[in-house]
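Structure in structure tokens, see below.
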Amino acid sequence: VSQSHSADIPPFNVTCAQWQASSVKARQTGEGVEIRVDGQYKEAAGTYTMQIDGAGRLIVQYHFVYQDKVNPRQIGIVFDLPKACDTLAWQRKVQWTVYPPDHIGRPVGQAKAFRDAKWPKIKYRQEPPWPWALDSNALGTNDFRATRRDILWASLREADGHGVLVRSDGKQSTRAYVDGDRIRLLVADFSGRGGESFLRGHLAGWRRPLKKGSVLQDCVRLELVGSPQ
């Protein structure tokens, strides 16, 4: 579906709401600064611990206790970046040995938030000349907003190469999407296998239902970068 004629369906990007910090503490360490923030969302209560060093590296650890009952598609932490950080790149562990060069599941790749202006505008029901990966809606192209599972690293950068890079061990997933005047990046500890109704029974075993008292925790490693990977 082209961007101009996409269905008017609200995006499924629900995050915890109504954050209230109850305590903020900072201390110097041998490597830099550690900041601990305690607080509560409407849905969960817990702690963020952030370690920042002089080389532009940030380690974010979170530990929250969920207060309700939900069957989420993904669980993780979302970071906000300027809309200029519209170039996604990644390397990940993959299931298969060969992928088409424009497949959204390819092991290494790069994707822009929106397709290049060189592509023509099309009329309603006209077959687009671009590949499916470049179909888009307000969140970005299919290629840009796809979940990348089992990442080794993923980055979002501006045109000059400056941006943020996430390093991982192949156990986390990332998903980038445009949200108004910003780019959002989810780093997920858990990522389900989709919500296709026809496969709902098969996919049920891949879900991680939460109940009151469920613990959500993970460690995310970020770096400021100034040149392409």
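The values are calculated or read from the model by the stated rules, or taken from the named source; none is laboratory data. Just so we're clear, the structure is a prediction, and the values are computed from it rather than from any experiment. Methodologically, a virtual Cβ is constructed for each residue, glycine included, from the backbone with ideal geometry; neighbour enumeration extends over all protein chains shown. Remember, those area values only see protein heavy atoms, side chains included, never the ligands or the DNA or RNA. Shrake-Rupley method; radii C 1.70, N 1.55, O 1.52, S 1.80 Å.
Quantify, in whole percent, the carbon and sulfur part of the accessible surface of region 1-149 (1.4 Å probe; protein heavy atoms only).
53 percent
Oh, and also: Test of understanding: given the chain, find the longest segment containing no chymotrypsin sites (Phe, Trp or Tyr not before Pro) that are in a DSSP loop and have at most 10 other Cβ atoms within 10 Å.
125-229
What accessible area, in Å² to the nearest ten, does a 1.4 Å probe give for Val94?
60 Å²
When only DSSP loop residues count, what trypsin sites (Lys or Arg not before Pro) in region 22-59 have their Cβ near at most 13 other Cβ atoms within 10 Å?
Sites meeting the loop and neighbour criteria: Lys42.
For the chain, what Kirkwood radius comes out of the mean inverse Cα-Cα distance, in Å?
For the chain, inverting the mean 1/r across all distinct Cα pairs yields 19.3 Å.
Taking a cut-off of 19 Å between Cα atoms, list the lysines near Lys171, but don't count ones fewer than 8 places away on the same chain.
Hits, sequence-local ones excluded: Lys93.
Could I ask something else about it? If the cut-off is a Cα-Cα distance under 29 Å, which lysines reach Lys123, setting aside same-chain residues fewer than 8 apart in sequence?
Lys83, Lys112
Here's a follow-up. Please give every one of the lysines within straight-line cross-link reach of Lys211, meaning a C-alpha to C-alpha distance under 21 Å, and leave out same-chain neighbours fewer than 8 residues apart.
Correct list for Lys211: Lys42, Lys69.
A further question on this structure: How would Asp135, Asp102 rank on accessible area, largest to smallest, probe 1.4 Å?
On the way: Asp135 20, Asp102 80 Å².
Of Asp135, Asp102, the descending order of accessible area is Asp102, Asp135.
While we're here: For the chain, what is the accessible area per residue in Å², given a 1.4 Å probe and the full set of protein chains? Mind showing how you got there, number by number?
Numbers: 13990 Å² over 229 residues.
Heavy-atom SASA per residue in the chain reads 61 Å².
Once the convex hull of the alpha carbons of region 1-111 is built, what does its volume come to per residue, in cubic angstrom?
In region 1-111, the Cα hull volume divided by residue count equals 203 Å³.
What is region 79-204 by shape, rounded, prolate or oblate, if you read a ≥ b ≥ c off the alpha carbon gyration tensor as root eigenvalues and call it rounded for a/c under 1.5, prolate for a/b larger than b/c, and oblate otherwise?
In terms of gyration-tensor shape, oblate.
To the nearest 10 square angstrom, how much accessible area does His162 have with a 1.4 angstrom probe?
The value for His162 is about 90 Å².
Taking the Cα of Val78, stepping 7 Å toward and past its beta carbon, and measuring to each backbone N in region 102-139: which are under 14 Å?
139
While we're looking at this one, here's another question. Mean-square fluctuation check for the chain, GNM, Cα pairs under 10 Å: which of Ala44, Ala159, Ala188 is largest?
Of the options given, Ala159 has the highest mean-square fluctuation.
Also, I was wondering about something else. Over the chain, with a Gaussian network built from C-alpha contacts below 10 Å, which listed residue (Asp53, Asp143, Asp218) shows the highest mean-square fluctuation?
Asp53
Let me ask something else about it. Just Ala45, Ala117, Ala138 to compare: in a GNM of the chain, with alpha carbon springs under 10 Å, which one fluctuates most?
Ala117
I've got another one for you. Checking the a/c ratio against 1.5 first, then a/b against b/c, what shape does the Cα gyration tensor give for region 79-152?
It is oblate, given that a/c is not under 1.5 and a/b is not larger than b/c.
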